Every structure is written in C-alpha cells, then in structure tokens.
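Only one structure is covered here, and it is reproduced in the block below.
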Amino acid sequence: MSTAPGRTRGSVVPALSRTEGWKLVSHPIFLVGVAMPLLGSAVFVGSIINGSAVSWEEDGWMAAVGVLMLGIMTMVATNNAALRDRRSHTAEQHASLPVRPPIRTSGLLAATLWPTCVAALLLASVVVIGALQDLTPSGIELIHLIGFVVSVLLLGAIGIALAAWAPSPFVAPVVAWFVLFVTPGETPAAWHSLIPWETVGETDLAVWHLVYVFGLTAVVAVIALAKTARARSLLVPALISVAIVVTAGVVLLDRTCPVGGVCLL
Amino acid sequence: MQQATIDLTGVEKRFGAVRALDGVTIGIGPGVTGLLGPNGAGKTTMMRIAATVLAPDGGTLRLLDRDPTDADDRVEIRRRLGYLPQEPGFYQRFTAFEFVDYVAILKEMSDRRSRHEEVRRVLEIAGLADVSNRKVKALSGGMRRRLAFAQALLRDPELLLLDEPTAGLDPEQRLRFRELVSNLPNHPTVVLSTHITEDITALCERVIVVAEGVIRFDGSPETLAATASGRVWLAESADPRATLSWRMGDGRHRHIGDPPVDAEMTTPTIDDAYLLMVGSVRGDREAAA
C-alpha cells in the first residue's frame, strides 16, 4: 500500500496552537482589546517623554489596566473559538477525525499563549521606553506587570472552560461584565488578594500572588479539559494545581488578614 | 477472499420509535458503491455509522478490518477514512486553504510543510486552487460543496464516505465531480449516498437500494435496471393502470407498473427500477396498514 501523504510527525498540539493562536490574535474582538493597552501605553509614554511621569505605580496603571481589558477580550475570543464547531455545525465532520477533543482543547489552551505574548510585548516595549527615560519599574511593580500578563493567560483559559461547561455565546460576555464591574467592589477587602487581577503591596506577597494566578490558570485548564479527557489522565495535574492554589491562597489570606485567620471565616 | 472495508452484520439503529436500520447485513469492498434510497430510508444513518460518528444499537460492525467500538481501533479507522457529511459545516472566517489546513491538522498532519503540500493537492483536485485564499463565506454553494469534498480527500483515504455529494451542484460541477471520483488514486472504497440515479449509473459498479432501514437490492446498476424488465412501456396517452407515469418531451407517456397486453415495451432504466422498488415498498406498507 502506498504511504499516505502528509505524514504525522510529532504532536498535533503545537500545530493546532499555531493555527488557533493566529486566529485569536487576528480576531476582531481581540484587536479591539489590543487598542486599550495601546491607548493606555500611549498616554503613559507621552507623560514619560514630556517628563511628567513620576513612577510606574502612579502613572503606568493605565497601561496595566489596558492589559486586563485585553485579557477580558481574550476570554471572549477564546470562548468564541471554542464554540466554533457548535456555531458552524462542523461537529459531525470533526467527530470522524482521529484527533480527540481533549487534544483540540489542549491546542486552544496553548494558543492563549499568543495573546499573552502580545500583552507581554506591549508592556515590555513600554518598560523599555520608560527605562530609556530613567523610569524603570521597581521589583514589585515588575511582578505586578507580570501578574497582569499572566491574567491574560488565565482569562483565555476561562473562556475555553466556559465554552466546555456552559456552551453558549452569551456566557463569556456576562462573565466579562462580572470581572470588570462586580468583583473588586463586591468582594470583602480581606479577600482582595485572592482576586487574580488585584495587586498586593509587598514583594514576597506579590510573588505568592503570581504563583496563585499561575496555579489558578492550571486549575482552569484542567477544568476545561475535564469535559472530554479521561479523569485518570487529569488527576495528577489537578492535584498539583489545586495544591498550588490552596498553598498560595492560604499564605495570601494569612498575611493580608487584619487578624490572623479570622477573615477565612 | 478479500476482507470487506465495511462489514455490517445485523446492524440496528433506532431513533425513538423510528427504526432507522433494521438488521442490515452487508459487506462493501474497494470500488464505487452507490447507496440509493428515498429520504428517511436510513442511508445517512448507515453513512454516519460507517464514519464512526454514530454507534449502532445492535449488530456487529467492522471497518477497515478493525473494531470501531475499541478506542484505539476507532482512531486508526478515522486516520484512514474521509467523510463528507450530508450537511457539511464550514468556518466562515477561514479561507478555503485555512479550513482544509485545519482539518488536516485534525487528521494528525502535524508537519507543516508536508501538510501544506497536501492541502494544495486536494484543493487542486477539487478545482479550488484559484480561490484558496478566498474566505469561505465568499464562496458559492457549489464551491463550498467541493471544499467539503476536498477535506474528505486528505491523506488519500482508503474509505471515502460521500453523503449526497452532488446535491446543489450545477450540471458542469456534477460532471466534474464524477471525473474526480472516477480518477481517485489507489482504488479506495467509495460509498456514495444519493438519490440522484444518474450519479449511480455514471460512477458505481455496485448499487445498494435501502428503504425503511432494510436493504432491498444489492447488485450492479444494470441488474437493478433489469428488475424492471417487462414493466416499462410507452403510450400516446396516460394509462390509469400504471403505478407511475409521466409525459415525456416528445409528447408520449412513459409508464411503469403492470403493462397492458398490447403495450409497446421499452428498455428500463435504473430510475424505473428504483421507482418500482420504492413504490412497491410503500404499497406493501400501506396494504399492511
């Protein structure tokens, strides 16, 4: 028998993530999201250049908040991508293909690195411009910036998990609204350190917060995969990611509670 | 004896109270086989079962000499089959190339260069090379149908399942499709589900007639046509004794059914035989009711 053309070589996940990643960063919703940190960065760069910028904390927040907005748009875009089969009626066609649904979900999860890289590049370019004008972010400011970038990854994964468990195009915009307007105001102050896109005041706590956000991203990825993957294959990643989130969460709560442990109640 | 590519034994499928397939036993090997039957006959159910997207309720099924109920075997079968569903879906924002490329990835072609070569090859076969950079939403209905056909051809499948591939195609596109199927390399097993009898006559060496979930005929198109021998006649006017009759372009009437003694008999076509067969199934059902 002749060899079939286009032989398999290596994993399908990188190939899928390249295609999905490119589609994500060229998605109109994502491009609207890019405009926000661009605008915030432009204002900040303007104040750096005219010498009115004092610090990252006081003047650079618009760029960082813009990145959060980019994350929210990424969530809507990944949700949209994950619901593509449902919308396009391609589910039957794709069910006859050898790549299994968890591999496709993994490819889409890996594709969220693309918008994350866009966010990182945007902020990195502002950092470089600031550094050229002697406005370098402090250690904690840098950790906060990294935290905002990781939030893009987290929000992208949330969009995919929502599509898996609540497959409706209306869910992600509602969650986006919740992230934007409800969470910070409605959460008790003691719990603020557990909000992924909040900042915490001390350097070591900021590192724990970053670990917490990474762990949370892994938990959400496991939840997204749990819809179609075999439970046994997810057990170890689930345990590790939950352990990271719980450990980092306890440390954060313990340190940010006015009276040790009381706020846990 | 050569192993059949599709081997169904007593396969059953129900959708609620409707029995879509009722103990179907059949083996299909290399070459083009036509699946003919009226709407709701069970053709699409058979195609979906053969494409591994639907599991039968009863009976046994082997595809490409593997057991589709086994997860590893099922993946291997899917690597070697191409499927064009009755109502294919498309990603509207993708270009034709991107869409087929995406399907190629889902067919485990991870190496970019060879995958792109393969995508260009199938687009060329489907006659879509010139519009490969055009968005799917900008393609005509016929082009989309050919795009769906192109994705089914990826990796030269050994089993190609085409569910009503020529629906909505204009005559030229239909002829082009016939040319494509008849020139497929490596002599795959092609199953063509249709109710367009011209496609069967033009392409198939074997035809299976399905009605109400049961196989009513299995043989060559010529043999199918021959089942209507002595039951097709021509007359100057309508004949109430005919099961079915229609006025032709030359003004005469073509009748099928039980002819009168003095009838001017004519050579039956596959259409005549099919209509008689499906009509008798319907008649039996009505009589039973």
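Each value in this text was obtained by applying a stated rule to the coordinates, not by laboratory testing. Predicted model, so just to flag it, every value in this text is computed and none were measured. We place every Cβ from the backbone using ideal geometry, glycine too, and count neighbours over all the protein chains shown.
Using a Förster distance of 60 Å, how high is the FRET efficiency between residue B:241 and residue B:70, based on the Cβ-Cβ distance and rounded to 0.05?
0.60
Between amide H atoms placed 1.01 Å from N, distances below 5 Å from residue B:83 occur with B:161, all of them 5 or more places distant or on a separate chain. Counting only other chain Cβ atoms within 10 Å of each residue's Cβ, the peptide B:78-84 averages 4. What the pair-distance distribution of chain B shows, using all Cα-Cα distances binned every 5 Å from zero, is 1, 5, 11, 14, 16, 15, 13, 10, 7, 4, 3, 1, 0, 0 percent. Pairs spanning more than 27 Å between alpha-carbon atoms, out of A:227/B:135; A:227/B:43; B:13/B:137; A:227/B:137; A:227/B:107; B:43/B:107: A:227/B:135; A:227/B:43; B:13/B:137; A:227/B:137. Each of B:125, B:136, B:85 was placed along the dipole of the range B:70-158 (beta-carbon charges, centred on the mean Cα), and the one lying farthest toward the positive end is B:136. 3J(HN,Hα) couplings calculated from phi for the range A:75-86 with the Karplus curve 6.51 cos²θ - 1.76 cosθ + 1.60 (θ = phi - 60°) are, in sequence order, 4, 5, 5, 5, 4, 4, 5, 5, 9, 4, 4, 5 Hz; Gly and Pro show x.
Given Cβ point charges of +1 (Lys, Arg) and -1 (Asp, Glu) and nothing else, what value in debye, to the nearest 20, does the dipole of the protein assembly as shown about its Cα centre take?
Rounded to the nearest 20 debye, it is 260 debye.
Start at zero, step by 5 Å, and the Cα-Cα distances of the range A:71-208 spread as 2, 9, 15, 17, 17, 14, 11, 7, 4, 3, 1, 0 percent across the bins. Scanning residues 5 or more positions from residue B:218 or on other chains, those with amide H under 5 Å from its amide H are B:209, with H placed 1.01 Å from N in the peptide plane. With q set to 0.20, 0.26, 0.33 Å⁻¹, the log10 of I(q)/I(0) for the range B:13-60, from the Debye formula over equal scatterers at the Cα positions, is -0.72, -1.19, -1.50.
Remark: mean inter-chain Cβ contacts per residue of A:78-85 equal 1, using a 10 Å Cβ-Cβ cutoff to other protein chain atoms.
Here the translational diffusion coefficient of the range A:9-255 follows from Stokes-Einstein with Rh set to the Kirkwood radius across Cα pairs; for 10 °C and 1.306 mPa s it amounts to 84 µm²/s. Taking the charge dipole of the protein assembly as shown about its Cα centre, with +1 at Lys and Arg Cβ atoms and -1 at Asp and Glu Cβ atoms, the residue from B:29, B:175, B:261 reaching farthest to the positive side is B:29. Residue-wise HN-Hα couplings along the range B:151-168, as the Karplus relation 6.51 cos²θ - 1.76 cosθ + 1.60 with θ = phi - 60° gives them from phi, are 5, 6, 8, 4, 6, 6, x, 7, 10, 10, 10, 10, 9, 6, x, 9, 4, x Hz; Gly and Pro carry x.
With viscosity 0.692 mPa s and temperature 37 °C, the Kirkwood radius over alpha carbon pairs of the range A:145-247 converts through Stokes-Einstein to a diffusion coefficient of 225 µm²/s.
Here the extension length gained between residue B:9 and residue B:267 equals 89.3 nm, from 0.36 nm per residue of separation less the Cα-Cα distance.
The amide H of residue B:37, built 1.01 Å from its N in the peptide plane, has B:194, B:210 as neighbours under 5 Å, considering only residues 5 or more places off or on other chains.
Antiparallel beta bridges, as assigned by DSSP with both residues in the protein assembly as shown, represent about 60 percent of the total such bridges.
Most tightly packed first, judged by the mean number of other beta-carbon atoms within 10 Å of their residues, the peptides B:65-73, B:25-33 read B:25-33, B:65-73. Counting Cβ atoms of other protein chains within 10 Å of each residue's Cβ and taking the mean over peptide B:86-97 gives 4. Quotient of the Cα radius of gyration of the protein assembly as shown and 2.2 N^0.38 Å, N being its number of residues: 1.27. Coupling constants for the range A:222-230 follow from the phi torsions by the Karplus curve (6.51 cos²θ - 1.76 cosθ + 1.60, θ = phi - 60°), and in residue order they are 5, 4, 4, 6, 4, 5, 10, 7, 6 Hz; glycine and proline get x.
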